[in-house]
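None of the figures in this text is laboratory data; all of them are computed from the coordinates on show. For clarity, every value in this text was computed on a predicted model and none was experimentally measured. All Cβ positions, even for glycine, are placed from backbone atoms using ideal geometry, and neighbour counts span all protein chains on display.
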């Protein structure tokens with residue numbers, strides 16, 4: 001079986017393409033099961049975030065194209081629409097890619113920690129869907145260990161830069177003093193929680209959290225002395241918001257141009273700063289055409305994030321060395337699987353010879369033969385039986401000039417021929 005990793009990310013595709021191939025969380029399990037049924041894959045996991053959609057799949061060598069074709073069909077995209085943006089990695093390269101992603105080396109924010117949690121979620125979802133087998137299970141467990149090692153042994157996470165941090169930093173560039181402004185946060189997931197924490201640390205005047213599940217919004221807002229509202233009440237509260245940051249899992253925009261226009265009139269055109277971190281987008285792109293609105297998407301945060309990148313570059317080089325070594329560890333384990341059947345066969349053969357010799361010895365003891373003689377014969381017989389076939393094959397190898405086979409035998413049996421020279 002071959003390991004295949006493929007997908008698109010923030011480096012290869014703009015948000016307008018990424019949102020077309022994002023998997024809604026509630027549909028990932030059924031999609032995974034469909035991959036196994038329709039694309040003839042044996043294992044599969046899906047990582048779908050605002051910055052990337054990636055599939056990790058165990059396939060037969062001739063099924064690579066089937067999986068990618070399934071991906072295109074599932075999202076109703078043609079080759080022409082998808083091919084310019086998609087990347088594929090096989091075996092070693094696939095392992096390397098996943099380790100880099102989990103360690104934050106392939107992220108929009110170098111070294112950001114959120115992606116590891118998202119990969120863990122992807123693994124648990126695939127496990128629950130029943131699409132994780134031996135190969136991917138070992139790969140993901142190995143990935144979690146390596147990512148932890150990278151965090152422990154390097155300073156990759158030393159600078160507190162994330163998409164959430166970048167969004168708040170950008171808000172400070174628009175409004176120098178956040179203590180005079182109100183922030184409306186749309187969604188209540190991990191990213192919005194990070195945004196709320198950073199805003200609270202910057203002494204923002206007031207935080208309003210809007211979410212479909214009001215209880216979740218209340219739980220988040222409570223930690224920052226904020227206010228929770230239902231998503232349906234958001235349009236009428238836009239007038240209060242100087243800063244709007246959105247990150248939900250909605251498949252359709254939540255905030256439209258009309259609602260923003262009405263809010264601007266009520267605000268007498270006081271400026272509104274908006275960051276849409278979601279993929280698919282939560283805020284209609286047309287909102288950016290309005291005067292007095294500063295709308296940024298996750299792709300616009302590159303410049304802000306770049307400021308914190310330099311401090312992590314050296315740590316990233318150290319992390320790359322760790323990852324390269326750990327790729328070989330995983331591939332070594334994978335290669336060792338090919339020996340399992342041979343080892344089992346060898347052990348079974350040895351046990352069969354042992355049982356035969358033991359049965360013969362027991363009959364001799366029952367017949368009243370001297371136990372010492374029986375034990376000596378058992379040891380001699382068993383030794384001869386165990387070394388007979390290897391000895392025959394080594395003679396044949398020497399006769400046919402297969403010195404490489406003899407060298408393999410020396411390694412396999414840990415032979416030191418100098419011990420027999422005397």
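A few comments on the model shown:
- Picking from residues in segment 108-141 that are outside any helix (DSSP H, G or I) and in contact with a strand residue (DSSP E or B) (Cβ under 8 Å, 6 or more places away or on another chain), the one that is farthest from residue 29 (Cα to Cα) is 133.
- Matching helices (runs of 4 or more DSSP H) fully within segment 142-241 where at least 3 residues are touching a strand residue (DSSP E or B) at 6+ places or on another chain (Cβ under 7 Å): 163-174, 190-201, 214-222
- Members of segment 153-196 found to be under 30 Å from residue 318 (Cβ atoms) and surrounded by fewer than 16 Cβ atoms within 10 Å (Cβ to Cβ), listed by number: 153, 155, 158, 160, 190
- Close pairs (9 angstrom Cβ cut-off, 6 or more residues apart or separate chains): surrounded by fewer than 14 Cβ atoms within 10 Å (Cβ to Cβ) in segment 120-134, in a helix (DSSP H, G or I) anywhere: 128/29; 130/29; 130/32; 130/33; 130/36; 134/337
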